Each structure stands twice: as structure tokens, then as C-alpha cells.
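Notes follow once the structure below has been shown.
The values are calculated or read from the model by the stated rules, or taken from the named source; none is laboratory data. All figures in this text were calculated on a predicted structure; none of them were measured in a lab. Don't worry about glycine lacking a Cβ; one is built from the backbone with ideal geometry, like all the others, and counts go over all protein chains shown. Heavy atoms of the whole protein, side chains included, go into the accessibility calculation; ligands, DNA and RNA do not. Shrake-Rupley method; radii C 1.70, N 1.55, O 1.52, S 1.80 Å.
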Amino acid sequence: MRLRIITPLSVVVDEDGIGALRAEDATGGFGILPRHADFITRLTISVVGWKSADATRHFCAVRRGVLSVTGRTLVSIATREAIVGDDLATLDQTVLARFRNDVEAERTEHVE
């Protein structure tokens with residue numbers, strides 16, 4: 001399986017040979033394995049995790065976004081902002097908190 005995580009400014013992840021992926025949408029967490037049926041969903045502010053071909057785990061904090069599976073081999077995530085890291089605790093505590101604060105600040109600006 002191939003994983004691509006893209007933002008408006010760059011390709012953050014472009015990796016082939018993904019063995020499994022875990023993400024989160026409004027209904028909760030879900031997993032994707034190779035040859036998964038095609039679908040599309042809207043991601044929440046969360047951490048996407050995947051296992052490489054060599055069984056190494058990787059993580060990427062995403063500021064919402066759209067995840068699609070096409071052709072049973074390509075998983076694409078389009079997001080406004082993404083930060084890759086191998087330390088899940090840091091991404092979960094620091095980055096996701098900043099993403100949530102940014103969203104709240106934007107919401108307040110729109111109301112004012």
C-alpha cells in the first residue's frame with residue numbers, strides 16, 4: 001500500500017510498502033490494511049499512525065483533512081497542516097493541543 005499525506009504547501013509523506021494504517025474520523029478510530037475497499041472520509045484533529053514494510057511505526061499529526069483509499073493500493077490524506085514525528089506522546093500532547101487552539105482561535109475570529 002502507498003501512503004501520501006499532502007498539505008497545500010508540500011508532500012509531507014510519500015511512502016510505499018505500508019502494512020497497516022490507523023486514523024480517526026467523527027465516528028472514532030479505524031484501521032486500513034492492504035487491499036481495503038475504496039472509500040473516503042473526513043478526519044478529525046488526530047494522529048495518523050502506520051507501520052512500514054520493515055515493521056517500524058510512524059506517526060503524523062493532522063489538522064483535520066480528507067482520507068481516501070483508491071484502487072485498493074493508495075491511501076491519500078489531504079490536510080491543512082501535518083507534522084510527522086516518531087514520538088506519539090509528543091505529537092498527542094503538544095501538536096494536537098496547538099491544532100485545537102488554532103481551530104478555536106479561528107472560530108472566535110469568525111464570530112467576531
*Members of region 15-45 that are acidic (Asp, Glu), free of Cβ contacts under 8 Å to residues at least 40 places away in the same chain and under 19 Å from Arg63 (Cβ atoms)*: Glu24
*Filter region 19-55 down to residues that are under 16 Å from Ile5 (Cβ atoms) and either under 12 Å from the mean Cα position of the chain (by Cα) or not in a loop (DSSP other than H, G, I, E, B) (or both), then give me how many there are.*
19
*Any idea how many residues of region 45-57 are at pLDDT below 95 and closer than 17 Å to Ser76 by Cβ?*
1
*Are any residues in region 94-104 open to solvent by 50 Å² or more (accessible area, probe 1.4 Å), free of Cβ contacts under 8 Å to residues at least 12 places away in the same chain and not hydroxyl-bearing (Ser, Thr, Tyr), and if so, which ones?*
Arg98, Asn101, Glu104
*Residue by residue through region 56-90, note down the ones that are of a type outside the set (Gly, Ala, Ser), more than 15 Å from Val12 (Cα to Cα) and not in a strand (DSSP E or B).*
Thr56, Arg72, Thr73, Asp87, Leu88, Thr90
*Could you list all residues from region 9-59 that are closer than 19 Å to Gln93 by Cα and open to solvent by 60 Å² or more (accessible area, probe 1.4 Å)?*
Arg22, Glu24, Arg57
*Hey, among the residues in region 62-93 that are open to solvent by 70 Å² or more (accessible area, probe 1.4 Å) and touching a residue at least 60 places away in the same chain (Cβ under 8 Å), which one's farthest from the chain's Cα centre (by Cα)?*
Thr73
